[in-house]
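Undergrad: Pasting in a structure now, in structure tokens, and then I'll have a few things to ask.
The values are calculated or read from the model by the stated rules, or taken from the named source; none is laboratory data. If you're wondering where the values come from, they're calculated on a predicted model, not measured in any experiment. For neighbour counting, all protein chains shown are included, and Cβ atoms are generated from backbone atoms with ideal geometry for every residue, glycine included. Heads up: the accessible areas ignore ligands, DNA and RNA and are worked out on the full protein's heavy atoms, side chains in. Shrake-Rupley method; radii C 1.70, N 1.55, O 1.52, S 1.80 Å.
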Amino acid sequence: MESNTQSKLHSLNIGSLSEVFTFTPLKTSLKLRLVCRKFNQAVCYGWRLRIYEIGICVEHCETQLSDGFDEKTVEEYKLMSEHQDCIIHDLKGLFTRAFKLNSPTRYYPNLGWLQKPDRLIVLPLLMACVILKKKNGEELMVDYKKEGINKTFWYKLKLNFRGRTRPTKLINDFEISKVTPKQLQNCRMILRQNADLSPAKISPVSSCASDLYEWTKLALKYFDIKHEILSLGIKQVEEKIESYKTTSQKMLKVFEKILANQQFWIPPEQTLTDPN
């Protein structure tokens, strides 16, 4: 079977063979060039052509970005993007404030030793841990107002809030872009089931819990804005451009290091951007 397939591939001309290899992952196509001289030529030709085509795609997307959206849409996009940047900055500030060792009311090293804390402490800490991936959202669809549920959650959470070392690693490792829809859904459910939660109620009980409650609400606001941004369509085009450019740069690096030395078919005077 393998020899029959290989025989059919060998019967194709260089151009057709390179088109076939286009559907293989880039790393796989590099291995294919080691099979024989003809495969080597096809891979080299295919990569050169794909780099050229990616350049055309980038130009098309940039034209779409500059001509495809009205001024109002672009202005809305810029304002919302700036708002997102401000939220990222504020998230770090709230997190730092929440874990200050000299907070006046029940700061975090004391929280971890509470045996039966008020739900005004447990729920804000739980939501923050869900967003920070300290909990993976397996309690989705749980009734968070059910009697005894706070004690169950607290048993799992309290070890994260003991000691006098601020958990800076949590926020340093945190990447908001990696928060999943399931995590967001879990937090929103807690808020729906506990509509009475507010900084005014939480703060007298625990300043740490109050700051983390605001931190979670701000993180959810970030994703509300993200949803609005995606509805405008500009972000998708920008991400396409970034993806194309990243792929092109990686391919060019490999091409110039390995494939450009294949002089048996490429005249020295030709450039990478001109496949003819």
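Undergrad: Output the number of residues of the stretch 197-211 satisfying the condition of being open to solvent by 10 Å² or more (accessible area, probe 1.4 Å), part of a helix (DSSP H, G or I) and among the hydrophobic types (A, V, I, L, M, F, W, C).
TA: 1
Undergrad: Listed residues GLU256, GLU214, GLU238; which is in a helix (DSSP H, G or I), of a type in the set (D, E, K, R) and under 19 Å from the mean Cα position of the chain (by Cα)?
TA: None of the others qualify; the one that does is GLU238.
Undergrad: Surrounded by 15 or more Cβ atoms within 10 Å (Cβ to Cβ), at pLDDT 85 or above, among the polar types (S, T, N, Q) and assigned to a helix (DSSP H, G or I), is that true of GLN84?
TA: Judged against the criteria, GLN84 is a match.
Undergrad: Of the residues in the stretch 39-81, how many are assigned to a helix (DSSP H, G or I) and without any contact (Cβ under 8 Å) to a residue 40 or more places away in the chain?
TA: 15
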